[in-house]
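Notes follow once the structure below has been shown.
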Amino acid sequence: MRCKWCHNPETFSSKCELEWVSDKCTNCQACISECKTGALKVVNNKIAFDKSKCNNCFACIEVCYSEALHQIGRTVSSEELYKEIAIDIPYFEESGGGITLSGGEPLFQFDFVKEILVHLKQKGIHTAMETNLSYRWDLYKELLPNLDYVMADFKLFYSDIHKIWTGLKNSRIIENIIHLDQTGIPYELRTPVIPGVNDSHEMIEKMAQFVSSLNNAKSYTLLPYHPLGATKYKNLGINNPMEGVKEIPKSNFKELELVKNRIVNV
């Protein structure tokens, strides 16, 4: 998916990426000589970042004393990641918490996700996963034996509108929600409420009516849109489709929650 309101654009690529935090840049220009592609250059006596030219060699990071340049992402094995997680096991035992796999979409790295879930469950750690349910059901079915809880997005009711805003139709997602409901595994559905996209009474009514037809959803939550991801788009040099879109007014959001609550009891 490519939801236009995504607040985690660093997950769009499967590769590590360069982030340039302009507010931290002191304009020392030490990075210019290290950049061999011209991605970092001086424009009007200030550093400018052209993402289209960056090959992610990360040589510039080594000379950035203000730490304005960062590498986003790293490559790890499931065993290496588990060793890091294991340090916090005493906290999980004390709090009753555990690990939530999120993203982006976890199933984008299906083999890795399956491996780490097996590691976690073998150690008795509670596991949860956030997902948009857009992948084949047989893949989710493989993961379920090692999952304790699922948090699934239900973004839009109408398939054509869903494709416009996310890049995919939602027919498979609807089918997967029904499959998930039939497994009996604890799960919840969540709808990000986006101004001008799905913030109408009619849309929320349709979605709530569908949720009310399910048997095992633990909750259905509306999540108000926030523009906190805007800075990430800027730092990564990515165009932000929701540039300038403000948070939904609290009074409007409360009205939509009332619409939802009249229909859904969870």
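The values are calculated or read from the model by the stated rules, or taken from the named source; none is laboratory data. Everything numeric here is computed off the predicted structure, so don't read it as measured data. FYI the Cβ positions are ideal-geometry reconstructions off the backbone, even for glycines, and counts take in every protein chain you see.
Taking the criterion of being within 30 Å of ALA39 (Cα to Cα), assigned by TED's automatic domain parsing to the domain that holds GLU202, surrounded by fewer than 17 Cβ atoms within 10 Å (Cβ to Cβ) and β-branched (Val, Ile, Thr), would at least one residue in the stretch 228-235 satisfy it?
The answer is yes; a qualifying residue exists.
Have a look at SER213, SER159, SER251 and point out the one that is free of Cβ contacts under 8 Å to residues at least 40 places away in the same chain, in contact with a Ser or Thr (Cβ under 8 Å, 6 or more places away or on another chain) and not β-branched (Val, Ile, Thr).
Working: SER213 fails: in contact with a Ser or Thr (Cβ under 8 Å, 6 or more places away or on another chain); SER251 fails: in contact with a Ser or Thr (Cβ under 8 Å, 6 or more places away or on another chain).
Of the residues listed, the single one that is free of Cβ contacts under 8 Å to residues at least 40 places away in the same chain, in contact with a Ser or Thr (Cβ under 8 Å, 6 or more places away or on another chain) and not β-branched (Val, Ile, Thr) is SER159.
What is the residue count in the stretch 229-255 for residues that are farther than 17 Å from SER22 by Cβ and part of a loop (DSSP other than H, G, I, E, B)?
Number satisfying all stated conditions: 8.
Grab the helices (runs of 4 or more DSSP H) fully contained in the stretch 112-214, keeping just those with 2 or more residues being in the same structural domain as THR100 (by TED's automatic domain parsing) and small (Gly, Ala, Ser).
Ranges flagged: 201-212.
Could you list all residues from the stretch 1-29 that are out of contact with any Asp or Glu (no Cβ under 9 Å at 6 or more places or on another chain), surrounded by 14 or more Cβ atoms within 10 Å (Cβ to Cβ) and either in a helix (DSSP H, G or I) or of a type in the set (Lys, Arg) (or both)?
LYS4, PRO9, SER22
Tell me, which residue of the stretch 91-134 that is touching a Lys or Arg at 6+ places or on another chain (Cβ under 8 Å) and under 16 Å from PHE12 (Cα atoms) is surrounded by the most Cβ atoms within 10 Å (Cβ to Cβ)?
Taking the stretch 91-134 first, the residues touching a Lys or Arg at 6+ places or on another chain (Cβ under 8 Å) are 127, 132-134.
The next check asks that each one be under 16 Å from PHE12 (Cα atoms); those that pass are 132, 134.
Values: ASN132: 21, SER134: 18.
Ranking the qualifying residues of the stretch 91-134, first place goes to ASN132.
Do you know which residues across the stretch 160-178 are loosely packed, with under 14 Cβ neighbours inside 10 Å and in contact with a helix residue (DSSP H, G or I) (Cβ under 9 Å, 6 or more places away or on another chain)?
SER171, GLU175
What are the residues in the stretch 34-72 that are assigned to a loop (DSSP other than H, G, I, E, B), in contact with an Asp or Glu (Cβ under 8 Å, 6 or more places away or on another chain) and surrounded by fewer than 14 Cβ atoms within 10 Å (Cβ to Cβ), if any?
Within the stretch 34-72, GLY38 is the sole residue that qualifies.
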